[in-house]
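The values are calculated or read from the model by the stated rules, or taken from the named source; none is laboratory data. Values in this document were obtained by computation on a predicted structure and should not be read as measured data. Every residue, glycine among them, receives a Cβ derived from its backbone with ideal geometry; neighbour counts consider all protein chains shown. For accessibility, only protein heavy atoms count, side chains too; no ligands or nucleic acids. Shrake-Rupley method; radii C 1.70, N 1.55, O 1.52, S 1.80 Å.
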Amino acid sequence: WTMLALIMTIFGFEFFVHYSIEAALSFSTTQIFKIISLVILGMIVGMSVGRAAHYLIKYKNSISENLVHM
């Protein structure tokens, strides 16, 4: 559910940003809008990368079993 929420958040935020730019809304040309957009997208990417790194570390630290019996 977490990944679905992240994907939906990315879609919604990207839609809002691109709509604001294409509709030439007054706040979309300000420096603060660009900074806030980068910070929010950076947090979303950071959450995705952190989640993937967490699962990779769990995988690397798990105990391995040989499932083939010969």
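Looking at Trp1 and the list (1) open to solvent by 100 Å² or more (accessible area, probe 1.4 Å); (2) at pLDDT 85 or above, which single condition is not satisfied?
The number of the failed condition is (2).
Would you pick out the residues in segment 19-70 that are open to solvent by 100 Å² or more (accessible area, probe 1.4 Å), modelled with pLDDT under 85 and outside any helix (DSSP H, G or I)?
If the condition is that a residue be open to solvent by 100 Å² or more (accessible area, probe 1.4 Å), modelled with pLDDT under 85 and outside any helix (DSSP H, G or I), then Ser64, Glu65, Asn66, Leu67, His69, Met70 are the ones that fit.
Please name all residue pairs, on different chains or six or more residues apart, with Cβ atoms under 7 Å, provided the first residue is in segment 48-70 and is under 26 Å from Leu4 (Cβ atoms) and the second residue is of a type in the set (A, V, I, L, M) and part of a helix (DSSP H, G or I).
Qualifying pairs under 7 Å: Ser48/Leu6.
Within segment 5-18, can you find the residues that are within 13 Å of Arg51 (Cβ to Cβ) and open to solvent by 90 Å² or more (accessible area, probe 1.4 Å)? I'd like the intermediate steps shown before the answer.
To start, the set of residues in segment 5-18 that are within 13 Å of Arg51 (Cβ to Cβ) comprises 5-7.
The answer is Ile7, and nothing else.
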